[in-house]
Amino acid sequence: MIFNEEQRESVLFFGVDLGTSRSAICSSNGTREWIESFVGWPKDFIAEKVIGKSVLVGTEALQHRLSLDLYRPLDRGVIKEGIEGSERAVKEIIRHLIELARPEPGQRLHAVVGVPADSLKINKLAIRRAVSEHVHSLMVVSEPFSIAYGIDLLSNCMIVDIGAGTVDFCVMHGTIPSEEDQKTIFTAGDYVDEQLYSLLLQKYPNSKFNRNMVRQFKEQFSFVRTIDEQICVELPVNGKPSIHDIKDEIRRACESIIPPIVETITEMVSRVDPEFQTRIRKNIVLGGGGSLIRGIAQCLQEELSEYGDYQVTRVADPLLAGAFGALKLAQDMPSRYWEAL
Amino acid sequence: MPDFFARKRVLRDRSRILRGVYEENLLIARRGFNCDLRRKRSLSRRVLAYGIVCAVMLVLHGLDVTPVPSRSSDEVETPVIATDEIVVTASPVKSVSVAELRTLEQKSDLPLSRMLGLGIHNIVIDAGHGGDDLGAIGKTGIAEKDITLDIARKLKARLQDLGYPNVFMTREDDAAVLLAERVAFAQSVEADLFLSIHVNWLPNTPVNLIETFYFGPSRDKRVLELAGQENRGSEYGLNDFKEILARLGTVMKVQESKDFAESIQKSLFVNSSRKNRKIRDNGVKRAPFVVLLGLDVPSVLAEISCLSNPAEELMLKTDEHRRDIAWYLAEGISNYLNTGAEDDFQ
């Protein structure tokens, strides 16, 4: 094809946040979307005929999960090595996200993809393979770093990205963070789900519920410390709908991730040059879906007060902050770098 | 004023970060090539192994081998580009002529890669020119750089369809890439085969011809002029040139490149002449193209068509014709590798 000048210059930039539970996209044409990171293929031809699609992504996949081989490809923040479906699932998520951005025919697609920090360490190649099929040029960065870039906090701060599979910590020094500047722990959103599930099972042994329902309770009601409202949900007992108060269980499950986060923040701050520790303590920024737990920033700040004068805030839009930062990186990146990749 | 300095510091940080992200991803991408391809040894090393195997086979089969004339150490170290003799390292007192090796190869009915049980894994396609370097320009304004890029893309897709997954392009878009960078890229991905695509321009004659080159000295004035044109933008200095020449003691590379060039030329000409009976076969030639110089593996430059020919220029503007040329090139590569793609063209 002989491209004219206009086509050559036509580039659509993407920022993608590829998360364990949710994946988001921001693009230079104004798209701002997020989806559940679930992909499913019909189990057999009957399922395919009933569903009418060969692959389902996001909420749609969750809704039809009984008829599907369902994948959540970035479990615990990494693509499961050796499981072909996981890499295929990442490809499908990327394809779906790009479709949401509606690129014009012939447009070049330049993407920056933010992934959990561990995934960047462990399977950066698998991610490149999965994503590069759909874009012309690609860069992969860690999620907390892309959040920092998006909010212009390039130095003297710590980003705490509370996701589903992992909590990623990243200290920014005005340069691209090294592996020592980043740390990942696994007491994240999925851990809260597990805690809540077992607490509810203990309290209501005769009630019927599954992990997906528990996840929805968490997303709807999560909080730490105190709130005034009651939290009551309907669960079937012996086939009969019954109202249950789950407020205490929700609080206990959500607060279970506070101690490891506090411990990791203090440990990482202590590693920094003492001259800069004060500035970083005043600049702890939470991102990711986990930062939507009501009261978590205040709770962390109080817990950290034992270790110094900490200030903990939350980014404005935690679900899209990573993708927005990745888009900003993509747009700021000089074109010669894109060409070289 | 403090604001000014703070802003400047932020800009500096930002620029450093962007560069860091780029460099990190460049490393990942390069490592990706290494892992994905499970990095085979380069063909040049395989060629050496081939020599060893041939020597062993010759000894076993009792073929007549010519003793190596005694040489001083200085003579042995003298770089040779093309010679009629290969020193077989496994048998220090014997050597075997190229003709004998060829006989052996013909007898065995096996190509080099098969004989050694080796596959060609990494194919690099070089779309000539790019960026500010337009290459030849047709009367209707069509530029050589666009034709070569499009054919290279189609060729890559075709080769992947034919079962060669590891195909790389020295440029994926309209970027200016120095010749030295193209060579460096091919080396970085450990290319096993290198094909550079160009379109000819013959201002004084309206003919349409196809010709394919492999690296080597030439006395043909027109070929030297052509090499001069295509070598524009080379970053190589004379010292580099000498150094690379010194490394080119591999006669086998030249032989393999010639075979590769013949396969490309045959496929291009035979198929193209079905569509255009007036097309001329200018054959396979040696020429000092810089882009072919720095590689230790079979590498050729194909002038796939003639942009100065008005009828051909109109044809080159069609997607179908460019796709056909890409398929002919793929057939040439496939035939060279002896895996047979001819059936696809029936």
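The values are calculated or read from the model by the stated rules, or taken from the named source; none is laboratory data. What you see is a predicted model, and the numbers here were worked out from it, not measured in a lab. Virtual Cβ from ideal backbone geometry, glycine too; neighbours counted across all protein chains shown.
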Taking the stretch B:255-286 and keeping only residues that are within 13 Å of the chain's Cα centre (by Cα) and among the hydrophobic types (A, V, I, L, M, F, W, C), one is left with B:PHE260, B:ALA261, B:ILE264
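Considering the stretch A:296-330 alone, what residues qualify as being among the acidic types (Asp, Glu), in a helix (DSSP H, G or I) and under 15 Å from A:GLU143 (Cα atoms)?
Looking only at the stretch A:296-330, we keep the residues that are among the acidic types (Asp, Glu), and these are A:302-303, A:306, A:309, A:317.
Within this subset, residues satisfying the condition of being in a helix (DSSP H, G or I) are A:302-303, A:306.
None; the set is empty.
Listed here are the residues, each with its yes/no results for (1) outside any helix (DSSP H, G or I); (2) within 14 Å of chain B (Cβ to nearest Cβ); (3) on the phi < 0 side of the Ramachandran plot.
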{"site": "A:LEU153", "(1), (2), (3)": "yes, yes, yes"}
{"site": "A:ASP161", "(1), (2), (3)": "yes, no, yes"}
{"site": "A:GLY165", "(1), (2), (3)": "yes, no, yes"}
{"site": "A:VAL192", "(1), (2), (3)": "no, no, yes"}
{"site": "A:GLN202", "(1), (2), (3)": "no, no, yes"}
{"site": "A:PHE209", "(1), (2), (3)": "yes, no, yes"}
{"site": "A:ASN212", "(1), (2), (3)": "no, no, yes"}
{"site": "A:GLN216", "(1), (2), (3)": "no, no, yes"}
{"site": "A:ARG225", "(1), (2), (3)": "yes, no, no"}
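May I ask you to list the residues in the stretch B:133-158 that are among the basic types (Lys, Arg) and either assigned to a helix (DSSP H, G or I) or not assigned by TED's automatic domain parsing to the domain that holds B:SER308 (or both)?
We begin by selecting, within the stretch B:133-158, every residue among the basic types (Lys, Arg); these are B:139, B:145, B:153-154, B:156, B:158.
Across the stretch B:133-158, the qualifying residues are B:LYS145, B:ARG153, B:LYS154, B:LYS156, B:ARG158.
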Any idea which of (1) of a type outside the set (Lys, Arg); (2) part of a helix (DSSP H, G or I); (3) at pLDDT below 90 is the one B:ASP281 doesn't satisfy? (2)
The residue that is surrounded by the most Cβ atoms within 10 Å (Cβ to Cβ), considering only those in the stretch B:159-181 that are modelled with pLDDT of 90 or more and not in a loop (DSSP other than H, G, I, E, B), is B:VAL167
Scanning the stretch A:292-330 for residues that are more than 14 Å from chain B (Cβ to nearest Cβ) and either charged (D, E, K, R) or touching a Phe, Trp or Tyr at 6+ places or on another chain (Cβ under 6 Å) (or both) gives A:ARG294, A:GLY295, A:GLN301, A:GLU302, A:GLU303, A:LEU304, A:GLU306, A:ASP309, A:ARG314, A:ASP317, A:LEU319
Is it the case that the stretch A:245-253 has a residue that's crowded, with 17+ Cβ neighbours inside 10 Å and among the acidic types (Asp, Glu)? yes
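Say we look at the stretch B:158-179 and pick out the residues that are within 13 Å of chain A (Cβ to nearest Cβ) and in contact (Cβ under 8 Å) with a residue 60 or more places away in the chain; which of these is farthest from B:LEU292 (Cα to Cα)? First the steps, then the outcome.
We begin by selecting, within the stretch B:158-179, every residue within 13 Å of chain A (Cβ to nearest Cβ); these are B:160, B:165-166, B:168-178.
Imposing the further condition that a residue be in contact (Cβ under 8 Å) with a residue 60 or more places away in the chain reduces the set to B:166, B:168.
Numbers: B:ASN166: 20, B:PHE168: 16 Å.
Going through the qualifying residues, I end up with B:ASN166.
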Any residue in the stretch A:191-217 that is in contact (Cβ under 8 Å) with a residue 40 or more places away in the chain sitting within a Cβ distance under 9 Å of a residue that is part of a loop (DSSP other than H, G, I, E, B) and aromatic (Phe, Trp, Tyr)? List the pairs, counting only those 6 or more apart or interchain. A:LEU200/A:PHE209
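For (1) of a type in the set (Gly, Ala, Ser); (2) under 18 Å from A:VAL312 (Cα atoms); (3) not assigned by TED's automatic domain parsing to the domain that holds A:ILE296, each residue gets a yes or a no:
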residue: A:GLY165; (1), (2), (3): yes, no, no
residue: A:GLY174; (1), (2), (3): yes, no, no
residue: A:ASP181; (1), (2), (3): no, no, no
residue: A:GLN195; (1), (2), (3): no, no, yes
residue: A:ASN212; (1), (2), (3): no, no, yes
residue: A:GLN216; (1), (2), (3): no, no, yes
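Conditions tested, residue by residue: (1) on the phi > 0 side of the Ramachandran plot; (2) not assigned by TED's automatic domain parsing to the domain that holds A:LEU12.
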site: A:GLU234; (1), (2): no, yes
site: A:GLY288; (1), (2): yes, yes
site: A:SER291; (1), (2): no, yes
site: A:ALA326; (1), (2): no, no
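Assess whether A:THR278 counts as being in a helix (DSSP H, G or I), modelled with pLDDT of 90 or more and more than 20 Å from A:ALA188 (Cβ to Cβ). Talk me through it step by step, then tell me what you get.
On the way: in a helix (DSSP H, G or I): yes; modelled with pLDDT of 90 or more: yes; more than 20 Å from A:ALA188 (Cβ to Cβ): yes.
Answer is yes for this residue.
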Here are the criteria: (1) part of a loop (DSSP other than H, G, I, E, B); (2) surrounded by fewer than 17 Cβ atoms within 10 Å (Cβ to Cβ); (3) in contact with a Gly (Cβ under 8 Å, 6 or more places away or on another chain). Tell me which single one B:GLN187 does not satisfy. (1)
I'd like the residue in the stretch A:331-341 that is assigned to a helix (DSSP H, G or I) and facing chain B (nearest Cβ under 10 Å) and, out of all such residues, is modelled with the lowest pLDDT. A:ALA340
